[in-house]
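Below is one structure, written out as structure tokens; the observations come after it.
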Amino acid sequence: MTTREETEKLDEQDPLAPLRDLFDLPVGTIYLDGNSLGALPRATAARVQQVVAEEWGRDLIGSWNSAGWIDLPHRVGDKIARLVGAGPGELVVADSTSVNVYKVLKAALAIAAEEAPERTVIVSERTNFPTDLYVAQSVAREHGCELVLIDPGEDPADRLDERVAVLLLTHVNYRTGAMWDLAAVTEQAHARGVLTVWDLCHSAGAVPVDLTGAGADFAIGCGYKFLNGGPGAPAYVWVSPRHADRFAQPLSGWMGHAAPFAFTTDYEPAPGIGRYVSGTPGVLATAALECGVDTLLAAEPYGGLAALRRKSLELTRLFADLVEDRVGGFDLESPRDDDARGSQVCLTRTEGAYEIVQALIARGVIGDFRAGQDGLPDILRFGVTPLYTRFVDVWDAVEHLRQVMESDEWRDERWAQRLAVT
Ligand SMILES: *Cc1c(COP(=O)(O)O)cnc(C)c1O
């Protein structure tokens, strides 16, 4: 059985250990929620200060040209593209994930309507992140489409008949950390004439993704989770070069126009992915996002995402094993199989999941709680971020969990008070 000393040894031998210094982490906190809000990079505060004081304060509107603000969605997009197997000029930073789900679903349905008008079904999964489902419901209403949801354990391929236009899946499930085989599912979908939209919110920066290799159609994802872009950071959208020029996305704003400063009356989409930008980019937030993305690119000399992925799997495996060996009383909801698991460990328990998470947070171990729905259990989530999570952090987190359970500390009524954000 592993000891604390052994986990300290693993940290000493960890080639990625120096990357932790890229972050400004509070002392005494074990942060296991980078899958919900990535930690603050050290570079961000100074960079945002510089954008505020110099680019905005001193250079004022001239910074759209002199500081390259106008290219920011593309510049940062090209950096994110390197993390998801997309080429330069194929991915832009824009809006929120929710808004981008709308754009790409509409574009996918437009392609389907042209190529195969009999296809009027969107397939997604019941346990998809709710915003994806809510937007899909609204798009389905607009188009008179049917939205079909597969249940956990179901193979999407079984539902992809000749009526289906689009398959909308989240690569790594937010509740369970279960990961689809993006290439295999995309291939099955294409074999049945179905377009794919992949939500990479819990993948980009956490697991290697190869959109080009998989021949995927559309992808979207958010900037504030594993990309460390800060609360409410802008999201991104990728469209395969096969499709990018074919349709003007529905939120056809002036920043996605071929010549925004021509101020013409009629919309003419910018070539390629540029049309997926709608309005003026949030410069401060995008500058912060760039600092977050740079922390991941800083891992390239250390083996990049492949090395981060190896460490992430070691961390999540260690976490699950330690809970089983030293605590007990929890069911593991995240997959044991490395190939099917993202960068988080999810535990379930019939009683007290919320209270246990709160008791841990009070001890400085920050994970989170996701309420069960439709007969699914409540979940305790612990995300690992190999850029800064240490092996000893996993040991200490599980030791805190052991103490919280053994002492019945979680039963204290203080922890039952539900907060607005869980
Ligand atoms: C976090 C997350 C979102 C968030 O969408 P926002 O528009 O940023 O609120 C969407 N989808 C998935 C799968 C997520 O994990």
Residues that are over 16 Å from VAL101 (Cα atoms), assigned to a loop (DSSP other than H, G, I, E, B) and either more than 14 Å from the ligand (Cβ to nearest atom) or modelled with pLDDT under 95 (or both), drawn from region 229-257: PRO241, ARG242, ASP245, ARG246, GLY253
In region 145-162, the residues that are buried (at least 16 other Cβ atoms within 10 Å of the Cβ) and part of a loop (DSSP other than H, G, I, E, B): CYS145, LEU160
Residue satisfying condition, being within 16 Å of the ligand (Cβ to nearest atom) and either acidic (Asp, Glu) or in contact with a strand residue (DSSP E or B) (Cβ under 8 Å, 6 or more places away or on another chain) (or both), within set GLU125, GLU118: GLU125
Tabulated pairs, region 401-414, first in the same structural domain as ARG381 (by TED's automatic domain parsing) and over 15 Å from ILE366 (Cα atoms), second charged (D, E, K, R) and not in a helix (DSSP H, G or I), C-beta under 6 angstrom, 6+ apart or interchain: none
Yes/no for SER63 being at pLDDT 95 or above, more than 24 Å from GLY205 (Cα to Cα) and among the hydroxyl-bearing types (Ser, Thr, Tyr): yes
VAL283 of a type in the set (A, V, I, L, M, F, W, C) and in contact with a strand residue (DSSP E or B) (Cβ under 8 Å, 6 or more places away or on another chain): no
Residue in region 167-183 that is touching a residue at least 60 places away in the same chain (Cβ under 8 Å), small (Gly, Ala, Ser), within 12 Å of the ligand (Cβ to nearest atom) and outside any helix (DSSP H, G or I) present: yes
Candidate set from region 190-211 (those that are under 22 Å from the mean Cα position of the chain (by Cα) and more than 13 Å from the ligand (Cβ to nearest atom)); member that is surrounded by the most Cβ atoms within 10 Å (Cβ to Cβ): LEU195
Pairs with Cβ under 6 Å, 6+ apart, first in region 96-119 and of a type outside the set (Lys, Arg), second within 16 Å of the ligand (Cβ to nearest atom) and in a helix (DSSP H, G or I): SER98/THR131; SER98/VAL135; VAL101/ASP132; VAL101/VAL135; TYR102/VAL135; LEU105/VAL139
Filter result (within 12 Å of the ligand (Cβ to nearest atom), among the hydrophobic types (A, V, I, L, M, F, W, C) and more than 18 Å from GLY304 (Cα to Cα)) within region 212-228: ALA219, ILE220, CYS222
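The values are calculated or read from the model by the stated rules, or taken from the named source; none is laboratory data. This structure is a prediction, so every number in the text was calculated from the model and none was measured. Every residue, glycine among them, receives a Cβ derived from its backbone with ideal geometry; neighbour counts consider all protein chains shown.
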